[in-house]
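One structure is given below, encoded as structure tokens.
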Amino acid sequence: MKITAIAFMNAYPPVFQQKNNVNNFKTNIAGKDTVCFGVRYVNHNEEALLEEARKLSAKGKFPEAITVLDGIIELNPDSAMAYLRRGLANLNLSEFKKAEEDFSMATAINPKFTSAHGFLAESLRRQGRSFEALKHCDLGIEIDPESSFLFYIKANALLDLEEYDEALETVDKAIDLSPFDSDCYYVKGKIFLENDYFEKAHDCFENSLDCYEQMENPNKNITEILVNKANCEVNLGMYDLAVITCNKCLTKDSSNEDAFFQRGLAFLGLEKYTEALKDLDCAIKFDPENHIYYFIRGFVNKSAEDIPAAIADFEKSYELMPPYEIDPVVELGECNLRLGNKTEALKYFEIAKKYYSEQGDDEKLSLIEQTISKIKAS
């Protein structure tokens, strides 16, 4: 029995949920040899097992699905579909190397299996091998230049490599092919966000949310879209709207630390310091090693005139911060100066002076030197 269009679409519904993709798939299989996906014929038992594995994966039971797929591959080592689905299960389990091996087998069995090329690229990308991923995206696109899925994966890989112009051009091709794909607008929003084009990014995340509501099987978690939308709103000074967006996110995921952080920033912008501190406390609870959380909480405490608490937070941020950041040091100098701790203030300002001198930042260096001179003269 041949693998049908429906059987293949079930292997990864989001790829084929758009009308143009389904039509394209039907065109590709029309009149062609039945070996097109690596399996010339399968018996009823294999098809039933593939369906069983699909249902297990749909319920999130990926280890159980892998067990079923192992059995299929043992009986039919030329089943590209079984390798594809096992690769998807491993991908969902973050077993990226195993997923890579499965997708590689699927493409070896059938070099024209375009979705396997796409998922192979994704498994490589998840391992930090985005440059290699591009090769497989291009191989798939050469076979099927109408695949929005392949352009979407390629755009992600280009974004990883900070090739923003090419990433934008690529994701626009994906959107042209699938104009109602939420994931494509999400990636476009991420590209704009990486470049601080907050208004354009916000529009993309709005489009992503609108499309998300229409998708039968959305691939991306809606909380990711909401958090990034809130990020844009905070940067655009739309603090009330950011609070609403974060509330929606936290309704769906009450442990989303990014949503607590963004809402904390929004409350800071609204000068609601008590609420901001509560949210930042929650963010720190989920990630106690994040120096940015302590820095922002320190800034909230400073704004609320709780200077000792601010100093404690800035000290923790300074302890955890990477070497290329200096903001907590400057804040420690300013806070200690406000408390009259001139010796401590001078210690931190001298550290900042050395940093700005090494960085060649003459403007900030001049300001720090003026501050040091005033302290010494007082």
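Residue ranges 321-330, 278-287 sort as 278-287, 321-330 when ordered by packing (mean number of other C-beta atoms within 10 Å per residue, highest first). Please list, or write none, the lysines whose alpha carbon is within less than 26 Å of the alpha carbon of LYS188, excluding same-chain residues fewer than 8 places away. Within the straight-line limit of under 26 Å, LYS188 reaches these lysines: LYS19, LYS135, LYS154, LYS173, LYS200, LYS220, LYS229, LYS248, LYS252.
Sequence-ordered 3J(HN,Hα) estimates for the range 346-352 from the Karplus curve with 6.51, -1.76 and 1.60 and θ = phi - 60° stand at 4, 4, 6, 5, 5, 4, 5 Hz, glycine and proline given as x. Farthest towards the positive end of the charge dipole of the chain, among the residues LEU241, LEU84, PHE119, is the Cα of LEU84, using unit charges on the Cβ of Lys, Arg, Asp and Glu. Computed from point charges on the beta carbon alone (+1 for Lys and Arg, -1 for Asp and Glu), the dipole magnitude for the range 221-271 about its Cα centre is near 120 Debye. Assuming R0 = 45 Å, can you tell me the calculated FRET efficiency for the pair ASN341 and ASP253, based on Cβ-Cβ distance, to the nearest 0.05? Once rounded, the FRET efficiency stands at 0.60. Loop-located GluC sites (Glu not before Pro) across the range 213-311 with a Cβ neighbour count of 16 or fewer within 10 Å are GLU216, GLU271, GLU289, GLU305, with loop assigned by DSSP. Each residue of the range 264-276 was assigned a 3J(HN,Hα) from its phi angle through the Karplus expression (A = 6.51, B = -1.76, C = 1.60, θ = phi - 60°), giving x, 5, 5, 5, 4, x, 8, 6, 9, 5, 4, 5, 4 Hz with x at Gly and Pro. Cα centroid separation, the range 285-341 to the range 156-215: 35 Å.
Looking at the range 173-209, none of the chymotrypsin sites (Phe, Trp or Tyr not before Pro) sits in a DSSP loop with at most 12 other Cβ atoms within 10 Å of its own Cβ.
Roughly how big is the chain's charge dipole about its Cα centre, with Cβ charges of +1 (Lys, Arg) and -1 (Asp, Glu), in debye to the nearest 20? Before the final figure, lay out the partial values.
Details: 42 positive and 65 negative charges, 147 e Å.
Dipole size: approximately 700 debye.
Its DSSP H runs of at least 4 residues, each contributing -39,500 (n - 2.57), put the calculated 222 nm mean residue ellipticity of the chain at -24500 deg cm²/dmol, to the nearest 500.
Comparing CYS204, GLY71, ILE311 along the charge dipole axis of the chain, the residue lying farthest to the positive side is GLY71, per the Cβ-charge model.
Compared with the dominant Cα axis of the chain, that is its longest principal axis, helix 148-160 is turned about 30°.
For the chain, the longest principal axis of the C-alpha atoms and the axis of helix 96-109 are separated by about 30°.
Coordinate-derived values only; no laboratory data. Quantities reported herein were computed from a predicted structural model and do not represent experimental measurements. Every residue, glycine among them, receives a Cβ derived from its backbone with ideal geometry; neighbour counts consider all protein chains shown.
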